[in-house]
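Nothing in this text is a laboratory measurement; each read-out follows from the coordinates by a stated rule. All values derive from a computational prediction rather than experimental measurement. Cβ coordinates were reconstructed from backbone atoms using ideal geometry, including for glycine residues, and neighbour counts include every protein chain displayed.
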Amino acid sequence: MLGSKRVLLGITGGIAAYKTTFLTRLLIKAGAEVRIVMTDSAGQFVSPLTLATLSKNPVLKDFVREEEGETDWNNHVELGLWADLMLVAPATANTLSKMASGTCDNLLLACYMSAKCPVFFAPAMDLDMYRHPATKTAIETLEGFGNILIPAASGELASGLEGEGRMAEPEDILAAITTWFARQQPWTGKNVLITAGPTYEPIDPVRFIGNHSSGRMGFELAEAAAALGARVVLVTGPTHLQPRDPGITCIRVGTAQQMLEEASAHFDQADIVIGAAAVSDYRPRVAAPEKIKKGEDTRSLELVRNPDIIQTLAARKSGQFVVGFALETENELEHAQSKLKRKGLDAIVLNSLKDPGAGFGGDTNKITFIDKNSQIKPFALKSKAEAARDILHEIQIRIGN
Ligand code: C5P
């Protein structure tokens with residue numbers, strides 16, 4: 001749910017701090033990496049040892065740290081930059097007001113001021129403190145900074161009073177964060193099917209026809225689509241690459257026929273289909289059951305055409321946006337555009353082997369995105385990860401929401 005997000009949890013000194021033990025567990029269970037920074041008074045409500053054990057990281061409180069006779073400091077700037085999100089829970093009236101005014105007299109506040117990531121805050125205080133105009137103003141100011149309020153709930157308060165001011169329950173805090181991130185991801189709920197890598201067409205049990213495709217472009221497209229919130233199925237030919245995002249379903253195949261079978265099985269559910277695989281156009285008519293022995297000086301191999309995977313899928317389109325790749329060496333634009341038409345694609349990504357740094361193998365690519373309305377958008381030489389984001393952005397423009 002939180003992928004491998006890095007969460008900086010700031011705990012301040014209210015009785016609700018005891019709930020941060022449960023909150024830490026929930027964050028860890030949701031896949032987050034958690035580091036905790038607390039104020040002095042928070043340590044009186046909840047034990048740093050408990051939190052360090054649960055978060056699997058030391059709990060930080062002071063700017064200066066003495067370790068085995070050596071003096072070091074906890075770098076708030078690094079912590080602020082490390083985090084994918086900061087969560088201040090519970091946020092006391094004192095800390096809220098300091099955050100709003102830019103007071104920076106402890107490590108937690110210094111981290112807050114240094115954080116570039118989204119900051120969530122979950123106020124917790126007694127009824128009258130919560131109602132006080134100073135608190136209301138602080139909350140409004142923080143929301144004005146772009147920080148995200150997780151409102152306090154109503155109920156029985158530690159003072160015995162009834163009313164607003166209870167920190168949201170840990171489950172509700174987690175839900176507020178995951179919902180917020182889901183809304184930031186434009187492809188949440190979308191299914192993306194990607195083919196990647198080479199195919200290996202067996203000649204005999206030890207030999208095959210293959211190519212130099214590394215699979216990297218397809219894998220980067222899968223990562224970029226998952227980062228946009230999509231559910232991704234990646235059907236890949238032989239490659240050593242591993243998907244980094246645990247949300248990517250990776251199906252490994254050998255031949256073009258196997259790739260077609262797997263891609264076909266996932267086509268109907270897909271909203272977007274990208275054929276980045278370098279599929280072998282031909283395969284040996286028969287694969288010899290035993291290793292072929294050395295013999296005559298010349299030898300020929302009968303080849304038959306493989307199915308065109310992306311074309312076969314595009315012929316079954318029912319609303320899917322289908323994108324192919326074209327690796328060309330001459331008359332690039334013309335060839336790519338006629339391939340787009342012949343295969344019934346919505347768009348094609350051209351990479352020319354003439355461009356240094358483009359195509360197979362390396363970490364970079366220089367692409368041109370061409371759609372079926374002959375809109376042509378060339379891009380500069382970029383990393384394959386950046387090229388993947390550009391491609392998805394072009395698709396996003398054309399599919400809308
Ligand atoms: O025709 P060509 O092989 O150049 O087309 C490249 C595009 O078609 C790529 O998107 C590739 O993944 C796809 N393709 C395919 N099945 C084939 C051959 C190519 O899906 N047999």
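Things worth noting here:
- Spin-label model, Lys291 to Glu386: label points 7 Å out along the Cα-to-beta-carbon direction sit 4.7 nm apart.
- ³J(HN,Hα), Karplus 6.51/-1.76/1.60, whole Hz, each residue of the stretch 294-310, x for Gly, Pro: 4, x, 4, 5, 10, 7, 10, 10, 8, 10, 10, 5, 7, x, 8, 5, 5
- One decimal place: the segment Ala52-Gln257 gains 68.6 nm when fully extended, by the rule 0.36 nm per residue minus the C-alpha distance.
- Gyration tensor (alpha-carbon) shape descriptor, the chain, a/c threshold 1.5: prolate
- When only the Cβ of Lys, Arg, Asp and Glu is charged (+1, +1, -1, -1), the dipole of the chain relative to its Cα centre reaches about 1300 debye.
- Contact order, relative form, for the chain: 10 percent (alpha carbon pairs under 8 Å, 6 or more residues apart, mean separation divided by residue count).
- Under a 5 Å amide H cut-off, with hydrogens placed 1.01 Å from N, Gly237 pairs with Ala196, Gly197, Val253 among residues at least 5 apart or on other chains.
- Taking a quarter of the surface of the Cα convex hull of the stretch 6-184 gives a mean projected area of 9.8 nm².
- Gain upon complete extension [Thr329, Ile376; 0.36 nm per residue less C-alpha separation]: 15.1 nm
- Within the same chain, aspartates and glutamates fewer than 8 places from Lys19 are excluded, and of the rest, those with a Cα less than 20 Å from its Cα are Glu33, Asp40, Asp126, Glu156, Glu162, Glu164, Glu169, Glu171, Asp172.
- Fraction of the pair-distance distribution of the stretch 173-317 above 24 Å, Cα-Cα pairs, percent: 40 percent
- Cα centroid of the stretch 55-125 to Cα centroid of the stretch 290-333, whole Å: 56 Å
- Candidate aspartates and glutamates for bridging to Lys190, where Cα separation is under 12 Å - those fewer than 8 sequence places away on the same chain excluded: Asp271
- Placing a label point 7 Å from the Cα of His132 along the Cα-to-Cβ direction, the residues of the stretch 154-171 whose backbone N falls under 18 Å of that point are 157-167.
- DSSP beta bridge pairing in the stretch 6-184, given as percent antiparallel to the nearest 5: 30 percent
- Modelled label positions at Gln44 and Arg342, each set 7 Å beyond Cα in the direction of Cβ, lie 7.8 nm from each other.
- Distant-in-sequence amide contacts of Phe321, defined by a placed amide H-H separation under 5 Å and a gap of 5 or more residues or a different chain, comprise Ile272, Val273.
- Dipole-positive endmost among Ala91, Thr71, Leu142 within the stretch 6-184 (Cβ charges, Cα centre): Leu142
- Where a label projected 7 Å from the Cα of Gln185 along Cα→Cβ would reach, residues of the stretch 209-242 with amide N under 19 Å: 219-235
- Computed label-point distance, nm, for sites Arg299 and Asp62 using a 7 Å Cα→Cβ extension: 7.5 nm
- Pairs of Cα atoms nearer than 8 Å and 6+ residues apart set the relative contact order; for the stretch 314-401 it is 21 percent.
- The stretch 6-184, relative contact order in percent, only Cα pairs under 8 angstrom and at least six apart counted: 22 percent
- Subtracting the Cα-Cα distance of Leu353 and Glu143 from their residue separation scaled by 0.36 nm leaves 70.5 nm.
- Between helix 384-399 and the chain: long-axis angle, C-alpha atoms, 0 to 90°, nearest 10: 90 degrees
- Placing a label point 7 Å from the Cα of Asn211 along the Cα-to-Cβ direction, the residues of the stretch 269-294 whose backbone N falls under 11 Å of that point are 276-282.
- Proximal lysines relative to Lys366, as straight alpha-carbon distance under 18 Å, when same-chain residues fewer than 8 apart are discounted: Lys354, Lys377, Lys382, Lys384
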